[in-house]
Structure formats: C-alpha cells, structure tokens
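K.L.:
Structure in structure tokens, see below.
The values are calculated or read from the model by the stated rules, or taken from the named source; none is laboratory data. This is a predicted model, so every value here is computed, not measured. So basically every Cβ, Gly included, is an ideal-geometry build from the backbone, and we count neighbours across all protein chains shown.
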C-alpha cells in the first residue's frame, strides 16, 4: 500500500530526558534537591517510539522527531502533512503544550489536545476548579504548598491521596501517598 501522508512522530525520549537531567544536575549547587526516582516515568522508551512509528508506517511515511529545543526547526524543515504528538516536553509547568504551540506557529495540523487544554489539565487544581464551576462532580481537593505537618496529623480528613500539583503519568504518587 502506498503511503498516503507524511506524518511526523514527535516524542520525548527517555534518552534525551536523561541527557537534559544530567546537564541540569551539573549546574545545581551541591545542596540542591535531587530529582525523584520516577522523574523519567512519562518519557518514552525506544521500544515505545519504535512501536508507534511502525504502526504509523503501515499506512504513512513517517519522520521521527525528538520534541526537544530543536523541534521548531526540524518540523519547519520536514513540513509534514500531520504531526502525531506523543511528546511530554522537557521543561516547565506547561511542557506538554510545547508541541501544539510549535505546530500552531508553523500551521501544521496535529493530533491530541491543543496547548490550552494540555496546560490546564496538567494543573490539577485549575482543572478541578473548572470542573466544579461547570457542576461536574469531582472529589474534594486542597492545595498544600508545604507539608509542614509531615510528622503530625494532616490538615485534611483521611483517607486521602496526596499527589503533585503539576505532574502527569502518576509521577510522584507512591504507596505512601
């Protein structure tokens, strides 16, 4: 079967994430907090990237593109018919919005949610506020800036689950959460 579209598969690989993390650690002062052990959980393994590329290649011509700082130039040079976005981004609270923003700037159609949706959904408190505003049932929540109560009773009723405000892929959630 002939390939019908040129699809750019944009991803965030664990290999690149490890490289970026190592570069950041080298710049951290010795007393800086170290990253959690599950920091790389949301980044894609080579086998995942290869499997998605293979599935797309069964019907389309595929270009694999890392969603790093050079993604704008790579997409501009490639000019795909469609961007298949599985990138998590590498920096910042709105990191999952990076690829949709670049695609919109370049006028390229892409899969998945737009930048605003991705940015809002990564912020659990803002998402809950929006759901509650529209009277969509959601469990009660509370934002706690600093767990000063760590060795005493928490300031909320139990049972409860504690999770990071702006992480995805269950990052930061453990058996003791």
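K.L.:
For the stretch 132-158, name all the residues that are within 20 Å of residue 93 (Cα to Cα) and either in the same structural domain as residue 101 (by TED's automatic domain parsing) or out of contact with any helix residue (DSSP H, G or I) (no Cβ under 8 Å at 6 or more places or on another chain) (or both).
P.N.:
Keep residues of the stretch 132-158 that are within 20 Å of residue 93 (Cα to Cα), which gives 141-146.
Across the stretch 132-158, the qualifying residues are 142, 144, 145, 146.
K.L.:
Would it be correct to say that residue 58 is over 11 Å from residue 8 (Cα atoms) and loosely packed, with under 13 Cβ neighbours inside 10 Å?
P.N.:
When the stated conditions are applied, residue 58 passes them.
K.L.:
Look at residue 54 and say whether it is part of a strand (DSSP E or B), in the same structural domain as residue 20 (by TED's automatic domain parsing) and more than 19 Å from the chain's Cα centre (by Cα).
P.N.:
Working: part of a strand (DSSP E or B): no; in the same structural domain as residue 20 (by TED's automatic domain parsing): yes; more than 19 Å from the chain's Cα centre (by Cα): yes.
Judged against the criteria, residue 54 is not a match.
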